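What follows is a single structure, written as structure tokens, with notes after it.
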Amino acid sequence: MGIRVKGSLLAAVSLAFAGCAATDKTPARSAGDRPAAKAAKPARFDKDPYPSTYRAYPGQATAVRGVTIFDGEGGRIDGGTVLLSDGKVAAVGGPDTAIPEDAVVIDGTGKYLTPGIIDVHSHLGVYPYPHVEAHEDGNEMTSPTTPELWSEHSVWPQDPGFSRALANGGVTALQILPGSANLMGGRSITLKNVPSRTVQGMKFPGAPYGLKMACGENPKRVYGAKGRAPSTRMANFAVNRAIWAKAAAYKKKLDEGKAVDRDLAMETLAGVLSGEILIHNHCYRADEMALVIDM
């Protein structure tokens, strides 16, 4: 109620000033003198309705000293030092690198240290390891084009494969993709390989979404066996071209500020056409990949 009363008082004050202006013989504006209405803003939807809730775990500063470092950019440091703090690499250098007095120091003599591995094509979480059929949720094989799907909604954060990838392979970040049964399998998601109760707690802050696509054998095998398109490579491209044409028309309406019925599939494809969502395409042959690029 307080807000409404305040609004009413402001309106009354505005009217009073308008009355004063009229008695001051200020010429009234005609309709033609009024400023043109602003163009309608394009209709947009929330691009990240499930934002990252990742927070670095608190911990004591840790230094690895006397270790051989490969920096990931072609450099090598013998007898080097790496300082870790607040979940991040705070310093990389030689033996003279400063180490805080309260840091835990690990002797890395005779050992090697590299940056964490970034797995750009992973199905962990959507195909947990060890494999259990009840948790296999990476392929929605009911339609050849499912860009409305988001892999994060299938990710099982407690997949034992995450901790194994970290301990045995040094994998610290992963792009989780749907499988390759469909021409368009859905959105990918980039995760930090950290323990979490929810997938949002693993989401890499600021990482772009991707769209998993596939061509060639997989889609034509899966849907040919069902007696439906696409069962050939030419049908793969025909189905793809048709949905991209529809997506281009949808994006055009959005850009023009026109009203559209919300379509989750078209939102993803419009994001691709805008350059905000990156394509990750599974193909077996170079000539097919060239055709995809042309498309």
Residue satisfying condition, being in a strand (DSSP E or B) and not hydrophobic (A, V, I, L, M, F, W, C), within set Thr198, Thr190:
Thr190
Looking only at segment 135-161, and only at residues there that are out of contact with any Gly (no Cβ under 7 Å at 6 or more places or on another chain) and polar (S, T, N, Q), the one that is nearest to His123 (Cα to Cα):
Gln158
When Arg164 is run through (1) over 21 Å from Val126 (Cβ atoms); (2) part of a helix (DSSP H, G or I); (3) touching a residue at least 12 places away in the same chain (Cβ under 8 Å); (4) among the basic types (Lys, Arg), the failure sits at (1)
Over segment 249-280, the set of residues acidic (Asp, Glu) and over 26 Å from Gly206 (Cα atoms) is Glu256, Asp261
With respect to Ala249, is the statement that it is assigned by TED's automatic domain parsing to the domain that holds Arg187 and surrounded by fewer than 16 Cβ atoms within 10 Å (Cβ to Cβ) true?
yes
Among the listed residues Gln158, Gln175, which satisfies the condition of being in the same structural domain as Ile277 (by TED's automatic domain parsing), in a loop (DSSP other than H, G, I, E, B) and not aliphatic (A, V, I, L, M)?
Gln158
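Which of the helices (runs of 4 or more DSSP H) contained wholly in segment 216-292 include at least 1 residues that are without any contact (Cβ under 8 Å) to a residue 12 or more places away in the chain? Let's see the steps before the verdict.
Working: elements: 217-224, 233-255, 264-273.
Ranges flagged: 217-224, 233-255.
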Regarding segment 173-194, can at least one residue be identified that is in contact with a Phe, Trp or Tyr (Cβ under 8 Å, 6 or more places away or on another chain) and of a type in the set (Ser, Thr, Tyr)?
yes
Subset of segment 241-282 (residues that are over 22 Å from the mean Cα position of the chain (by Cα) and under 14 Å from Met184 (Cα atoms))
Arg241, Ala242
Is segment 222-240 home to any residue that is farther than 20 Å from Glu140 by Cα, β-branched (Val, Ile, Thr) and surrounded by 16 or more Cβ atoms within 10 Å (Cβ to Cβ)?
no
Return the only residue of Gly210, Gly257, Gly185 being touching a Pro at 6+ places or on another chain (Cβ under 7 Å), farther than 30 Å from Pro58 by Cα, assigned by TED's automatic domain parsing to the domain that holds Ser122 and crowded, with 16+ Cβ neighbours inside 10 Å.
Gly185
Restricting to segment 128-145, count the residues that are in contact (Cβ under 8 Å) with a residue 24 or more places away in the chain, part of a loop (DSSP other than H, G, I, E, B) and surrounded by fewer than 21 Cβ atoms within 10 Å (Cβ to Cβ).
5
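The values are calculated or read from the model by the stated rules, or taken from the named source; none is laboratory data. Computed from a prediction, not measured in an experiment: that's the story for all the values here. Ideal geometry is used to build each Cβ from the backbone, glycine not excepted, and the neighbour counts take in all protein chains shown.
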